[in-house]
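The values are calculated or read from the model by the stated rules, or taken from the named source; none is laboratory data. The model shown is predicted, which means the values in this text are computed figures rather than measured ones. For neighbour counting, all protein chains shown are included, and Cβ atoms are generated from backbone atoms with ideal geometry for every residue, glycine included. Only protein heavy atoms, including side chains, enter the accessible area calculation; ligands, DNA and RNA are left aside. Shrake-Rupley method; radii C 1.70, N 1.55, O 1.52, S 1.80 Å.
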Amino acid sequence: MEVPQLPEVACADVDLVRRHVLGGPGDRRVSGQVSIGRSEAVLLRPGSPWLEAEPAKTLIRDEDKYLYHLVMITCTFRTGPEPVIGARLSVMLSPEPDDGSVEPVIWAMDPLRTSAPATARLTVRIGLNLKFFTAEMTRETPGPDHVIAEGEGEKQAEWAFVARALAGVYRLSLVARTPVGSACRADLALAATRQETRFGMVPYRAEIPPRVATILLTGP
């Protein structure tokens, strides 16, 4: 199944706010070095014209229990004299309200690992059991993996980024599985580490505007 590329409907630069560390440097805000974008959640349906037979069977099999939602996310890092050398972009699913029903999970993530940012992306492909298999994109010369997905199959998942200097646009995708009859939300968070001339490696957290940070996962 090839899914049409979803447009980003919310994108914003985020402020990095220095974390308080005992004996470390004081407050500082950094703007313009990281931005995050995301699409709205698209509900996967058996009758979608681009849905092939095998993935459609999974949706039909689970239609009384689960819904599956596709979300695209971008994370952009910009170079500078004090670069970001590490980051963790997390997605947390929460039912609303939390009524003790089956918990939502991050069913599939893409990429699971990669060595470079995507310079172009044509489609997202979802195969058997609604898992990603190949995303068409061009890359820089492959090197050691510096983006690794963690937490697939859990309600909170992360992409971990590590490099001497993170730069470029990373295009990420996920499928969230939620219980039928339960509205859910996906909240984004970002922690980052900068290599600073005076203090060395310094941890930051991102202040993400609510219009980007929260994605609603609703039924038909």
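Table: residues versus (1) at pLDDT below 95; (2) farther than 24 Å from ALA167 by Cα.
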| residue | (1), (2) |
| --- | --- |
| LEU190 | no, no |
| THR193 | no, no |
| THR197 | yes, no |
| PRO220 | yes, yes |
Out of curiosity, is LEU16 farther than 18 Å from ARG194 by Cβ and either at pLDDT 85 or above or hydrophobic (A, V, I, L, M, F, W, C) (or both)?
no
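What number of residues in the range 113-138 are at pLDDT below 60 and either surrounded by 14 or more Cβ atoms within 10 Å (Cβ to Cβ) or closer than 18 Å to ILE73 by Cβ (or both)?
7
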Which of the residues belonging to the range 83-111 are charged (D, E, K, R) and at pLDDT below 95?
GLU96, ASP98, ASP99, GLU103, ASP110
Could you pull out the residue among GLU52, GLU40 that is under 17 Å from ARG171 (Cβ atoms) and either open to solvent by 60 Å² or more (accessible area, probe 1.4 Å) or modelled with pLDDT under 75 (or both)?
GLU40
I'm checking my understanding of the structure. Among residues of the range 56-101 that are of a type outside the set (Lys, Arg), over 30 Å from ARG18 (Cβ atoms) and in a loop (DSSP other than H, G, I, E, B), which one is least open to solvent (accessible area, probe 1.4 Å)?
SER101
Could you grab the pairs with beta carbons closer than 8 Å, sequence gap of 6+ or different chains, first residue in the range 64-92 and under 20 Å from ARG198 (Cα atoms), second one among the charged types (D, E, K, R) and in a strand (DSSP E or B)?
GLU82/ARG194; GLU82/GLU196; PRO83/ARG194; VAL84/ARG194; ILE85/ARG194
